[in-house]
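Asker: Next up is a structure, given as structure tokens.
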Amino acid sequence: MAAGVAATGALVLGEDTTLLEPNRPILTAMEVPLARLPVAFDGFTIAQLSDFHYDDQLSPVPMGAAIEIVNRLQPDLVVLTGDIATVPVFHRVLHNAKRSAAVVEPCARLLTQLRARLGTVSILGNHDIGCDAPRITATLQASGIPVLRNRAVPLEQDGGRIWLCGLDSVVEKKQNINQALHGVPGDELVILLVHEPDFADRAAHYPVDLQLSGHSHGGQIWLPGIGAPWLPEFAQKYPRGQHRIGPLTLYTNMGIGTIRLPIRLNCPPEVTLFTLRSQPAVPK
């Protein structure tokens, strides 16, 4: 009897971690006060998606659910923080990393369903650069999704201006924050998109106000009182959620897809919605 109960419990856990939780994105919504945010952008909303690791069999369900959530929110902007593709484990032996970038076409077709007032913007993750960065970049941009590779673009409304800055992967040593911020006025607000969250320790020394990252998948498995048994390089210090590093606010999104094994435990796929708030001046 006890053995049967234990077996049933293991089966339920297995179904939840491999079948249910990976397919049920959650929405995390928060207000983010930013001292340098122009009043014209007070209430500006950004939806973040990350780490699709697109697979024809596994990805359409969670991606479809996440896209539905985003479109219901009607955000001003959608940002994608990297890893459309997955570098195969034995890519150095099989020489098939470039072939893995072929997933960008079906993934991009899904992503074009996203609806936001100012559209969707993306950066590249370490897997994207490890596969075929030019192909992934060209496909996304042909689908109407600009890719920010060590560059910044202004967002303007009602006489106010902020900057959206995107970096290439830190794992792949392709990031160049000095190049990206070149020409950005030092007194204007900057939102930084960089795949790896632990870069925040460095970004905090630059005039960056908000950093949005992914990369960790939240660990995919999160054990109560312990945390994630394994975390990737540059996502070990800030693996999930909101953090404050000096003047910088960081958020690490848990991603949509999975890698190596289609398992998530206490770590559901995540859509994040940020509502930016300007802080009133402190009276003297």
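What follows is calculated from the coordinates using simple rules that are stated; it is not laboratory data. Note that the structure is predicted; figures quoted are calculated from it, not measured. Methodologically, a virtual Cβ is constructed for each residue, glycine included, from the backbone with ideal geometry; neighbour enumeration extends over all protein chains shown.
Asker: By counting other Cβ atoms within 10 Å of each Cβ, how are HIS243, HIS217, HIS205 ranked from fewest to most? Please list the in-between numbers first.
Answerer: Values: HIS243 16, HIS217 30, HIS205 12.
Ascending Cβ contact count within 10 Å gives the list HIS205, HIS243, HIS217.
Asker: What is the extension gain from MET30 to ARG72, computed as 0.36 nm multiplied by their sequence separation minus the C-alpha to C-alpha distance, in nm to one decimal?
Answerer: Details: separation 42, 0.36 × 42 = 15.12 nm, distance 1.61 nm.
Gain on stretching MET30 to ARG72: 13.5 nm.
Asker: If you don't mind, another one. Have a look at TYR238, TYR206, TYR54 and tell me which one the Gaussian network model of the chain (Cα, springs below 10 Å) gives the largest fluctuation.
Answerer: TYR206
Asker: Can you list residues whose amide H is under 5 Å from GLY255's amide H, if they're 5+ apart or on another chain and H is modeled 1.01 Å from N?
Answerer: Long-range HN contacts for GLY255: SER50, GLU270.
Asker: If you don't mind, another one. Rounded to the nearest 500, what is the 222 nm mean residue ellipticity of the chain from helices alone, with -39500 (n - 2.57) per DSSP H run of 4+ residues and division by all residues?
Answerer: -7000 deg cm²/dmol
Asker: Between the helical axis of 2-15 and the dominant principal axis of the chain, each derived from Cα atoms, what acute angle in degrees is found, rounded to the nearest 10?
Answerer: Approximately 40 degrees, to the nearest 10.
Asker: With springs only between Cα atoms under 10 Å apart, run a GNM on the chain and tell me which of ASP132, ASP42, ASP198 wobbles the most.
Answerer: ASP42
Asker: With a cut-off of 8 Å between alpha carbons and a minimum separation of six or more residues, what is the relative contact order of segment 2-278 in percent? Intermediate results must be reported in sequence, preceding the final value.
Answerer: Numbers: 661 pairs, mean separation 74.7, N = 277.
Result for segment 2-278 is 27 percent.
Asker: Determine the percent antiparallel among the DSSP beta bridges restricted to the chain, to the nearest 5. Please report the intermediate quantities before stating the final value.
Answerer: Values: 17 of 46 bridges.
Once the DSSP bridges in the chain are tallied, antiparallel ones form about 35 percent.
Asker: Give me the net charge for the shell around ILE245: Cβ to Cβ below 12 angstrom, other residues only, Lys and Arg +1, Asp and Glu -1. Mind dumping the intermediate values first?
Answerer: Numbers: positive: ARG202, LYS237, ARG244; negative: ASP198, ASP201, ASP209.
With Lys, Arg at +1 and Asp, Glu at -1, the net is 0.
Asker: Further question on the same structure: So, with +1 on the Cβ of K and R and -1 on the Cβ of D and E, and no other charges, what is the size of the charge dipole of segment 2-278 about its Cα centre, to the nearest 20 debye? If you can, show how the numbers build up before the last one.
Answerer: Working: 22 positive and 26 negative charges, 67 e Å.
Using Cβ point charges on Lys, Arg, Asp and Glu, segment 2-278 gives about 320 debye.
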